[in-house]
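Following: one structure in C-alpha coordinates, then a few remarks.
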Amino acid sequence: MESITKNRQSPTTLQAMIERAYGADRVPTGEGWADELGHGWFNVAYRIRLRDGAEVVLKVAPPPGVEVMTYERGAMSIELTTLDLIRTQTSVPVPAVDFADRSHELCDADYFFMPYVDADNLGIIADQLPTAERDAYMAQLGAANRELNSIRGSGFGPLAGPGDPSWRRVFTGMVEDVLVNGERRSVELGWDYDVVRAVLAEHAACLDEVTEPRLVEWDLWDGNVMVRDGRIVCIIDHERAFYGDPLIEAGFAGSQLAAFGDARAFMRGYGHPELTPTQVVRRRLYGLHLVLIMVIETVYRGHTDTRQYDWARSRLDEAMALLGHPRR
(Lines give C-alpha, C1' and ligand atoms only; values in the text may rest on other atoms or scores of the structure.)
Protein backbone atom coordinates (compact mmCIF):
# COMPACT_ATOMS: atom_id res chain seq x y z
CA MET A 1 0.00 0.00 0.00
CA GLU A 2 1.43 3.36 -1.04
CA SER A 3 1.67 6.12 1.58
CA ILE A 4 3.79 9.23 2.06
CA THR A 5 4.52 7.95 5.59
CA LYS A 6 6.80 5.25 4.18
CA ASN A 7 10.36 6.30 4.91
CA ARG A 8 12.36 4.45 2.25
CA GLN A 9 16.14 4.21 2.61
CA SER A 10 18.99 3.88 0.11
CA PRO A 11 20.95 0.61 -0.13
CA THR A 12 23.97 2.35 1.40
CA THR A 13 21.95 3.47 4.42
CA LEU A 14 20.39 0.04 4.77
CA GLN A 15 23.87 -1.50 4.82
CA ALA A 16 24.96 0.91 7.55
CA MET A 17 21.89 0.04 9.60
CA ILE A 18 22.57 -3.68 9.14
CA GLU A 19 26.19 -3.26 10.23
CA ARG A 20 25.11 -1.47 13.39
CA ALA A 21 22.60 -4.19 14.20
CA TYR A 22 24.44 -7.36 13.21
CA GLY A 23 28.10 -6.47 12.63
CA ALA A 24 30.19 -5.81 9.55
CA ASP A 25 30.67 -9.50 8.74
CA ARG A 26 26.92 -9.96 8.12
CA VAL A 27 26.37 -6.96 5.83
CA PRO A 28 25.14 -8.18 2.41
CA THR A 29 26.80 -7.10 -0.82
CA GLY A 30 25.85 -7.14 -4.47
CA GLU A 31 22.19 -6.87 -5.43
CA GLY A 32 18.88 -8.48 -4.57
CA TRP A 33 19.37 -8.70 -0.80
CA ALA A 34 16.56 -6.29 0.16
CA ASP A 35 12.90 -6.31 -0.89
CA GLU A 36 10.23 -3.94 0.34
CA LEU A 37 7.23 -5.63 1.93
CA GLY A 38 4.41 -3.75 0.30
CA HIS A 39 1.24 -4.69 2.19
CA GLY A 40 1.74 -2.35 5.17
CA TRP A 41 -0.08 0.97 5.44
CA PHE A 42 2.20 3.13 7.62
CA ASN A 43 5.85 2.16 8.17
CA VAL A 44 8.16 0.96 5.44
CA ALA A 45 9.37 -2.61 5.97
CA TYR A 46 12.14 -4.51 4.19
CA ARG A 47 12.84 -8.20 3.99
CA ILE A 48 16.63 -8.47 4.08
CA ARG A 49 18.92 -11.43 3.47
CA LEU A 50 22.12 -11.07 5.47
CA ARG A 51 25.47 -12.19 4.11
CA ASP A 52 25.25 -15.51 5.98
CA GLY A 53 21.83 -16.24 4.48
CA ALA A 54 19.72 -15.40 7.54
CA GLU A 55 16.61 -13.39 6.74
CA VAL A 56 15.40 -10.46 8.83
CA VAL A 57 12.85 -7.67 8.60
CA LEU A 58 13.65 -3.99 9.07
CA LYS A 59 10.89 -1.52 9.99
CA VAL A 60 11.51 2.22 9.67
CA ALA A 61 9.22 4.85 11.18
CA PRO A 62 7.86 7.76 9.08
CA PRO A 63 10.15 10.71 8.37
CA PRO A 64 9.84 13.64 10.80
CA GLY A 65 8.69 16.05 8.11
CA VAL A 66 5.53 14.08 7.30
CA GLU A 67 2.50 15.05 9.36
CA VAL A 68 0.77 12.05 10.92
CA MET A 69 -2.48 11.83 12.84
CA THR A 70 -2.32 12.51 16.56
CA TYR A 71 -2.77 8.90 17.59
CA GLU A 72 0.10 7.81 15.29
CA ARG A 73 2.78 9.90 16.98
CA GLY A 74 5.50 7.76 18.52
CA ALA A 75 4.03 4.62 16.97
CA MET A 76 7.30 2.69 16.79
CA SER A 77 8.04 3.33 20.46
CA ILE A 78 4.55 2.03 21.25
CA GLU A 79 5.24 -1.11 19.22
CA LEU A 80 8.50 -1.86 21.02
CA THR A 81 6.82 -1.39 24.41
CA THR A 82 3.90 -3.60 23.38
CA LEU A 83 6.17 -6.37 22.11
CA ASP A 84 7.97 -6.42 25.46
CA LEU A 85 4.67 -6.59 27.37
CA ILE A 86 3.36 -9.43 25.24
CA ARG A 87 6.59 -11.46 25.37
CA THR A 88 6.91 -11.14 29.14
CA GLN A 89 3.25 -11.50 30.18
CA THR A 90 1.59 -13.82 27.64
CA SER A 91 2.24 -16.87 25.46
CA VAL A 92 1.01 -15.13 22.28
CA PRO A 93 3.68 -15.49 19.56
CA VAL A 94 5.19 -12.17 18.50
CA PRO A 95 8.49 -11.25 16.81
CA ALA A 96 11.69 -10.94 18.77
CA VAL A 97 13.46 -7.60 18.50
CA ASP A 98 17.04 -8.16 17.34
CA PHE A 99 18.04 -4.52 17.49
CA ALA A 100 16.35 -1.13 17.88
CA ASP A 101 17.88 2.28 17.22
CA ARG A 102 16.24 5.57 18.21
CA SER A 103 19.39 7.70 17.85
CA HIS A 104 18.54 9.04 14.34
CA GLU A 105 22.25 8.90 13.52
CA LEU A 106 21.93 6.69 10.44
CA CYS A 107 18.49 7.74 9.28
CA ASP A 108 16.00 10.39 10.35
CA ALA A 109 13.64 8.07 12.25
CA ASP A 110 13.43 5.17 14.68
CA TYR A 111 13.94 1.68 13.26
CA PHE A 112 14.24 -1.88 14.44
CA PHE A 113 15.18 -5.32 13.12
CA MET A 114 13.40 -8.60 13.81
CA PRO A 115 13.71 -12.13 12.42
CA TYR A 116 11.78 -12.84 9.23
CA VAL A 117 8.76 -15.09 9.89
CA ASP A 118 8.43 -17.77 7.22
CA ALA A 119 4.64 -18.03 7.11
CA ASP A 120 1.59 -16.86 5.18
CA ASN A 121 -0.13 -13.57 5.88
CA LEU A 122 -3.72 -14.47 6.77
CA GLY A 123 -5.04 -11.25 5.28
CA ILE A 124 -3.56 -12.17 1.90
CA ILE A 125 -4.67 -15.80 1.78
CA ALA A 126 -7.99 -15.61 3.66
CA ASP A 127 -10.18 -15.33 0.56
CA GLN A 128 -8.55 -18.45 -0.91
CA LEU A 129 -9.27 -20.62 2.13
CA PRO A 130 -12.30 -22.84 2.71
CA THR A 131 -14.72 -21.17 5.12
CA ALA A 132 -14.09 -23.72 7.86
CA GLU A 133 -10.32 -23.19 7.72
CA ARG A 134 -10.66 -19.41 7.72
CA ASP A 135 -13.04 -19.58 10.67
CA ALA A 136 -10.63 -21.84 12.55
CA TYR A 137 -7.90 -19.24 12.18
CA MET A 138 -10.24 -16.47 13.32
CA ALA A 139 -11.21 -18.52 16.37
CA GLN A 140 -7.52 -18.92 17.19
CA LEU A 141 -7.11 -15.18 16.78
CA GLY A 142 -9.98 -14.57 19.16
CA ALA A 143 -8.33 -16.76 21.80
CA ALA A 144 -4.99 -15.00 21.31
CA ASN A 145 -6.64 -11.59 21.48
CA ARG A 146 -8.31 -12.50 24.77
CA GLU A 147 -4.92 -13.42 26.21
CA LEU A 148 -3.49 -10.09 25.05
CA ASN A 149 -6.40 -8.34 26.74
CA SER A 150 -5.54 -10.08 30.01
CA ILE A 151 -2.69 -7.58 30.53
CA ARG A 152 -3.93 -4.94 32.96
CA GLY A 153 -2.94 -1.30 33.06
CA SER A 154 -3.03 1.20 35.91
CA GLY A 155 -5.15 3.64 33.91
CA PHE A 156 -6.77 4.13 30.51
CA GLY A 157 -4.85 5.71 27.66
CA PRO A 158 -1.31 5.54 26.24
CA LEU A 159 0.99 2.75 27.40
CA ALA A 160 3.53 5.33 28.55
CA GLY A 161 0.91 7.15 30.62
CA PRO A 162 -0.33 9.18 32.20
CA GLY A 163 -3.21 6.86 32.93
CA ASP A 164 -6.74 8.16 33.37
CA PRO A 165 -9.37 6.42 35.53
CA SER A 166 -12.16 7.38 33.10
CA TRP A 167 -12.55 5.40 29.89
CA ARG A 168 -15.26 7.83 28.81
CA ARG A 169 -12.84 10.73 29.05
CA VAL A 170 -10.06 8.86 27.25
CA PHE A 171 -12.19 7.50 24.40
CA THR A 172 -14.07 10.75 23.74
CA GLY A 173 -10.67 12.46 23.73
CA MET A 174 -9.42 9.97 21.15
CA VAL A 175 -12.37 10.73 18.89
CA GLU A 176 -11.91 14.47 19.38
CA ASP A 177 -8.26 14.15 18.33
CA VAL A 178 -9.38 12.46 15.11
CA LEU A 179 -11.98 15.13 14.42
CA VAL A 180 -9.47 17.93 15.03
CA ASN A 181 -7.08 16.19 12.63
CA GLY A 182 -9.82 16.15 10.01
CA GLU A 183 -10.75 19.76 10.52
CA ARG A 184 -7.12 20.87 10.30
CA ARG A 185 -6.83 19.33 6.82
CA SER A 186 -10.40 20.22 5.78
CA VAL A 187 -11.36 16.59 5.18
CA GLU A 188 -14.93 16.25 3.91
CA LEU A 189 -16.84 13.71 6.00
CA GLY A 190 -20.24 14.15 4.43
CA TRP A 191 -21.34 15.11 7.96
CA ASP A 192 -20.91 18.30 9.92
CA TYR A 193 -18.12 17.74 12.44
CA ASP A 194 -20.24 19.10 15.28
CA VAL A 195 -23.04 16.68 14.43
CA VAL A 196 -20.57 13.82 14.88
CA ARG A 197 -19.51 15.33 18.21
CA ALA A 198 -23.15 15.53 19.29
CA VAL A 199 -23.77 11.88 18.41
CA LEU A 200 -20.77 10.85 20.49
CA ALA A 201 -21.93 12.93 23.45
CA GLU A 202 -25.45 11.53 23.14
CA HIS A 203 -24.21 7.96 23.72
CA ALA A 204 -21.07 8.52 25.81
CA ALA A 205 -22.62 7.42 29.12
CA CYS A 206 -22.37 3.77 28.04
CA LEU A 207 -18.58 4.08 28.23
CA ASP A 208 -18.75 4.40 32.01
CA GLU A 209 -19.48 0.68 32.21
CA VAL A 210 -15.79 0.06 31.44
CA THR A 211 -13.78 0.33 34.64
CA GLU A 212 -10.73 -1.91 34.19
CA PRO A 213 -7.96 -0.80 31.79
CA ARG A 214 -6.75 -3.66 29.58
CA LEU A 215 -4.09 -3.81 26.89
CA VAL A 216 -5.82 -3.53 23.53
CA GLU A 217 -4.07 -4.04 20.20
CA TRP A 218 -6.85 -2.23 18.30
CA ASP A 219 -5.20 -2.91 14.92
CA LEU A 220 -5.31 -6.71 15.07
CA TRP A 221 -6.76 -7.45 11.63
CA ASP A 222 -6.09 -10.66 9.73
CA GLY A 223 -3.40 -8.81 7.77
CA ASN A 224 -1.30 -8.71 10.95
CA VAL A 225 -1.55 -12.47 11.51
CA MET A 226 1.03 -14.95 10.18
CA VAL A 227 -0.10 -18.56 9.83
CA ARG A 228 1.42 -21.91 8.92
CA ASP A 229 0.17 -25.51 9.01
CA GLY A 230 -3.20 -24.60 10.46
CA ARG A 231 -2.04 -22.41 13.32
CA ILE A 232 -1.08 -18.85 14.09
CA VAL A 233 2.70 -18.62 14.34
CA CYS A 234 3.14 -14.87 14.82
CA ILE A 235 1.19 -11.66 15.33
CA ILE A 236 2.85 -8.55 13.92
CA ASP A 237 2.39 -4.74 13.96
CA HIS A 238 1.72 -3.62 17.51
CA GLU A 239 2.08 0.14 17.08
CA ARG A 240 -1.52 1.15 17.87
CA ALA A 241 -1.81 -0.41 21.33
CA PHE A 242 -3.15 1.39 24.41
CA TYR A 243 -5.01 0.59 27.62
CA GLY A 244 -8.75 0.58 27.01
CA ASP A 245 -11.86 -1.51 26.54
CA PRO A 246 -11.23 -4.90 24.87
CA LEU A 247 -14.48 -4.51 22.94
CA ILE A 248 -12.73 -1.91 20.77
CA GLU A 249 -10.57 -4.66 19.22
CA ALA A 250 -10.78 -5.07 15.44
CA GLY A 251 -12.11 -8.61 15.69
CA PHE A 252 -15.41 -7.31 17.10
CA ALA A 253 -15.91 -4.69 14.36
CA GLY A 254 -18.03 -6.90 12.13
CA SER A 255 -20.55 -7.50 14.92
CA GLN A 256 -22.07 -4.09 14.09
CA LEU A 257 -20.63 -3.11 10.71
CA ALA A 258 -20.97 -6.07 8.37
CA ALA A 259 -18.48 -4.62 5.88
CA PHE A 260 -15.70 -5.57 8.31
CA GLY A 261 -16.55 -9.27 8.07
CA ASP A 262 -18.33 -11.90 10.12
CA ALA A 263 -17.24 -11.62 13.76
CA ARG A 264 -18.78 -14.88 14.97
CA ALA A 265 -15.72 -17.14 14.69
CA PHE A 266 -13.52 -14.53 16.39
CA MET A 267 -16.03 -14.08 19.19
CA ARG A 268 -16.39 -17.84 19.62
CA GLY A 269 -12.63 -18.23 19.99
CA TYR A 270 -12.49 -15.23 22.31
CA GLY A 271 -15.24 -16.76 24.44
CA HIS A 272 -17.35 -13.62 24.28
CA PRO A 273 -21.12 -14.09 24.62
CA GLU A 274 -23.71 -12.15 22.67
CA LEU A 275 -23.28 -8.43 23.24
CA THR A 276 -25.49 -6.78 25.84
CA PRO A 277 -27.48 -3.69 24.79
CA THR A 278 -24.91 -1.40 26.37
CA GLN A 279 -22.05 -3.27 24.70
CA VAL A 280 -23.81 -2.92 21.36
CA VAL A 281 -23.81 0.87 21.74
CA ARG A 282 -20.17 0.90 22.80
CA ARG A 283 -19.22 -1.23 19.82
CA ARG A 284 -21.10 1.15 17.52
CA LEU A 285 -19.18 4.09 18.96
CA TYR A 286 -15.94 2.21 18.35
CA GLY A 287 -17.01 1.59 14.77
CA LEU A 288 -17.68 5.31 14.34
CA HIS A 289 -14.19 6.08 15.63
CA LEU A 290 -12.64 3.56 13.25
CA VAL A 291 -14.35 4.78 10.10
CA LEU A 292 -13.62 8.42 10.95
CA ILE A 293 -9.93 7.48 10.99
CA MET A 294 -10.25 5.58 7.73
CA VAL A 295 -11.76 8.62 6.01
CA ILE A 296 -9.38 11.20 7.45
CA GLU A 297 -6.14 9.23 7.16
CA THR A 298 -6.43 9.13 3.36
CA VAL A 299 -5.49 12.81 3.29
CA TYR A 300 -2.64 12.43 5.78
CA ARG A 301 -1.18 9.52 3.81
CA GLY A 302 -1.46 11.24 0.47
CA HIS A 303 -3.54 8.57 -1.21
CA THR A 304 -3.59 9.04 -4.96
CA ASP A 305 -6.91 7.30 -5.55
CA THR A 306 -10.23 7.55 -3.74
CA ARG A 307 -11.04 3.88 -3.18
CA GLN A 308 -10.48 3.82 0.59
CA TYR A 309 -12.01 7.26 1.05
CA ASP A 310 -15.17 6.34 -0.88
CA TRP A 311 -15.51 3.01 0.95
CA ALA A 312 -14.99 4.58 4.37
CA ARG A 313 -17.42 7.42 3.67
CA SER A 314 -20.14 4.82 3.07
CA ARG A 315 -19.20 3.06 6.31
CA LEU A 316 -19.42 6.39 8.14
CA ASP A 317 -23.00 6.78 6.95
CA GLU A 318 -23.73 3.27 8.26
CA ALA A 319 -22.09 4.01 11.61
CA MET A 320 -24.10 7.19 12.06
CA ALA A 321 -27.33 5.36 11.16
CA LEU A 322 -26.61 2.68 13.78
CA LEU A 323 -26.35 5.48 16.33
CA GLY A 324 -29.74 6.86 15.38
CA HIS A 325 -28.76 9.36 12.68
CA PRO A 326 -29.59 7.99 9.24
CA ARG A 327 -28.72 10.14 6.26
CA ARG A 328 -31.79 12.02 5.07
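The values are calculated or read from the model by the stated rules, or taken from the named source; none is laboratory data. Since we're looking at a predicted model, the values are computed, not measured. Note that we place each Cβ from the backbone using ideal geometry, even for glycine, and neighbour counts take in every protein chain shown.
Could you check the stretch 292-328 and list, in sequence order, the residues that are crowded, with 21+ Cβ neighbours inside 10 Å and under 16 Å from Asp192 (Cβ atoms)?
Leu292, Val295, Ile296, Leu316, Ala319, Met320
For the stretch 136-240, please list each of the strands (runs of 3 or more DSSP E) lying entirely inside it that holds at least 2 residues being farther than 24 Å from Gly74 by Cβ and at pLDDT 95 or above. It would help to see each step written out before you state the result.
On the way: elements: 214-216, 225-228, 231-235.
Strands (runs of 3 or more DSSP E) meeting the threshold: 225-228, 231-235.
What residue, of Val233, Val227, Val281, is within 25 Å of Asn121 (Cβ to Cβ) and touching a Cys at 6+ places or on another chain (Cβ under 9 Å)?
Val227
Tell me whether the stretch 55-65 contains one or more residues that are surrounded by 16 or more Cβ atoms within 10 Å (Cβ to Cβ), farther than 14 Å from His238 by Cα, over 20 Å from the mean Cα position of the chain (by Cα) and modelled with pLDDT of 90 or more.
Scanning the stretch 55-65, I find at least one residue that is surrounded by 16 or more Cβ atoms within 10 Å (Cβ to Cβ), farther than 14 Å from His238 by Cα, over 20 Å from the mean Cα position of the chain (by Cα) and modelled with pLDDT of 90 or more, so the answer is yes.
Output the number of residues of the stretch 29-54 satisfying the condition of being over 25 Å from the mean Cα position of the chain (by Cα) and among the polar types (S, T, N, Q).
Taking the stretch 29-54 as the starting set, the residues that turn out to be over 25 Å from the mean Cα position of the chain (by Cα) are 29-33, 49-54.
Now drop any that are not among the polar types (S, T, N, Q), which leaves 29.
Number of matching residues: 1.
Determine whether the stretch 105-116 contains at least one residue that is surrounded by 20 or more Cβ atoms within 10 Å (Cβ to Cβ) and charged (D, E, K, R).
Yes.
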